[in-house]
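For reference, the structure is listed below as structure tokens.
The values are calculated or read from the model by the stated rules, or taken from the named source; none is laboratory data. The shown structure was predicted, so the numbers you read here are calculated from the model rather than taken from an experiment. Don't worry about glycine lacking a Cβ; one is built from the backbone with ideal geometry, like all the others, and counts go over all protein chains shown.
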Amino acid sequence: MEKRKIILDCDPGHDDAIAMLLAWGSPVIDLVAVTTVAGNQTIEKVTRNALAVARVGNMQGLTIAKGSRRPIIRPETENAPSIHGDSGMDGPRSPKPMHTLDPRSGVQVIIDTIMQNPPKTITLVPTGALTNIALAARVEPRIVERVKEVVLMGGGAHVGNWSACAEFNIKIDPEAAYCVFHEKWPVTMIGLDVTHKALATPAVMADIAALGTKPAKFVCDLIDFFGKMYRKEQGFDAPPVHDACAVAYVIDPTLFTTRRCPIEVELTGTATLGMTVCDFRKLDYPDCSTQVALDIDHGRFWALITDALKRIGQVEF
Ligand code: BDR
Ligand code: CA
């Protein structure tokens with residue numbers, strides 16, 4: 001079977017790092033590029049973290065490019081040190097990167113990859129602010145017809161985390177999110193409704209630790225730090241590993257329950273800026289290009305991650 005080609009556009013980030021490892025270790029995914037965007041930390045820090053994760057997973061030959069440093073309109077990116085620490089990926093020892101960055105901007109890498117591959121073969125998987133994706137669609141509108149689909153981690157139909165009703169990735173660049181949700185490509189929103197169920201429980205941690213490899217230990221250290229922050233900041237018993245859910249959807253959509261519906265991004269609300277408003281008034285909207293995930297199979301999700309780490313195996317770093 002031909003592998004599914006994805007570009008992971010991310011801001012590592014604990015859960016972005018796990019998403020990268022899942023994508024690299026999955027037997028059905030071809031991770032063709034990782035592009036970075038400011039979010040959990042500054043663009044310099046998240047890009048450095050992406051390079052470090054590439055070393056942890058021994059991701060030889062992977063294209064990694066630095067993307068946008070600030071939102072499309074708003075003056076600067078709001079970072080999330082309260083969840084991800086000062087480095088953006090606090091907790092594990094972060095190895096010295098061995099990859100060199102692609103000289104192109106992340107936006108250019110997204111455009112080139114989509115235009116140079118056959119139509120409908122590249123899936124975009126954004127797990128950070130949607131700045132790069134929106135800019136790519138504006139610079140080269142032909143990519144909208146040409147991508148297979150966009151599977152993004154962001155938003156929520158019924159819940160927020162960066163405000164009462166807005167999720168971090170959408171809230172920090174709502175105008176970019178507006179552009180992405182309003183393009184004609186198929187969009188699957190993997191939001192907080194499902195990612196808050198993708199918890200790294202003690203049983204999950206034990207399974208990963210039992211692999212006994214350095215990449216598995218790296219993931220345990222990530223989850224350990226992430227868990228402490230989530231407990232302190234949001235009262236979670238175990239941390240939600242949001243971004244890996246978007247990669248898991250590409251690997252096996254049957255893990256998720258989804259609902260097709262129009263999704264609006266709130267741009268003018270005072271208390272609701274960045275809210276993803278899902279219109280559930282009709283049972284189905286057959287012509288709608290957006291859908292939202294509402295449930296996830298926790299056991300099968302974590303089995304994918306454990307399997308990917310097993311396939312990555314031992315790596316010295
Ligand atoms: C999202 O925000 C970031 O902090 C995480 O990496 C994830 O992409 C969850 O709201
Ligand atoms: Ca992220």
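Output the residue which, of all residues in the range 121-149 that are touching a residue at least 24 places away in the same chain (Cβ under 8 Å) and assigned to a loop (DSSP other than H, G, I, E, B), is farthest from His242 (Cα to Cα).
The extreme case among them is Glu140.
Give the range 227-275 a look and list any residue that's among the basic types (Lys, Arg) and in contact (Cβ under 8 Å) with a residue 24 or more places away in the chain, or say none.
Arg259, Arg260
In the range 105-120, what residues are surrounded by fewer than 16 Cβ atoms within 10 Å (Cβ to Cβ) and either touching a strand residue (DSSP E or B) at 6+ places or on another chain (Cβ under 6 Å) or among the hydrophobic types (A, V, I, L, M, F, W, C) (or both)?
Of everything in the range 105-120, just one residue is surrounded by fewer than 16 Cβ atoms within 10 Å (Cβ to Cβ) and either touching a strand residue (DSSP E or B) at 6+ places or on another chain (Cβ under 6 Å) or among the hydrophobic types (A, V, I, L, M, F, W, C) (or both), namely Met115.
Spot the failing condition for Asp221; the list is (1) of a type outside the set (Lys, Arg); (2) out of contact with any helix residue (DSSP H, G or I) (no Cβ under 8 Å at 6 or more places or on another chain); (3) outside any helix (DSSP H, G or I), and only one is missed.
Here Asp221 meets the rest and fails (3).
Evaluate the following for Asp86: is it of a type in the set (Asp, Glu), under 22 Å from Phe218 (Cα atoms) and within 16 Å of ligand 2 (Cβ to nearest atom)?
Spelling it out, it is not the case that Asp86 is of a type in the set (Asp, Glu), under 22 Å from Phe218 (Cα atoms) and within 16 Å of ligand 2 (Cβ to nearest atom).
This table checks each residue for (1) surrounded by 14 or more Cβ atoms within 10 Å (Cβ to Cβ); (2) basic (Lys, Arg); (3) in contact with a Leu (Cβ under 6 Å, 6 or more places away or on another chain); (4) modelled with pLDDT under 95.
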{"site": "Gly235", "(1), (2), (3), (4)": "no, no, no, no"}
{"site": "Pro239", "(1), (2), (3), (4)": "yes, no, no, no"}
{"site": "Tyr249", "(1), (2), (3), (4)": "yes, no, no, no"}
{"site": "Thr254", "(1), (2), (3), (4)": "no, no, no, no"}
{"site": "Leu283", "(1), (2), (3), (4)": "no, no, no, yes"}
{"site": "Asp287", "(1), (2), (3), (4)": "no, no, no, yes"}
{"site": "Val292", "(1), (2), (3), (4)": "yes, no, no, no"}
{"site": "Leu304", "(1), (2), (3), (4)": "yes, no, no, no"}
{"site": "Asp307", "(1), (2), (3), (4)": "yes, no, no, no"}
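Please determine, by comparing only the residues of the range 140-176 that are touching a Gly at 6+ places or on another chain (Cβ under 7 Å) and closer than 25 Å to Gln108 by Cα, which one is surrounded by the fewest Cβ atoms within 10 Å (Cβ to Cβ).
So the residue we want is Lys171.
If Tyr249 satisfies all but one of (1) away from ligand 2 (no atom under 16 Å from the Cβ); (2) touching a strand residue (DSSP E or B) at 6+ places or on another chain (Cβ under 7 Å), what's the number of the condition it fails?
(1)
Test Ile83 against the stated conditions and say whether it is surrounded by fewer than 24 Cβ atoms within 10 Å (Cβ to Cβ), of a type in the set (Val, Ile, Thr) and within 11 Å of ligand 1 (Cβ to nearest atom).
So Ile83 fits the description; yes.
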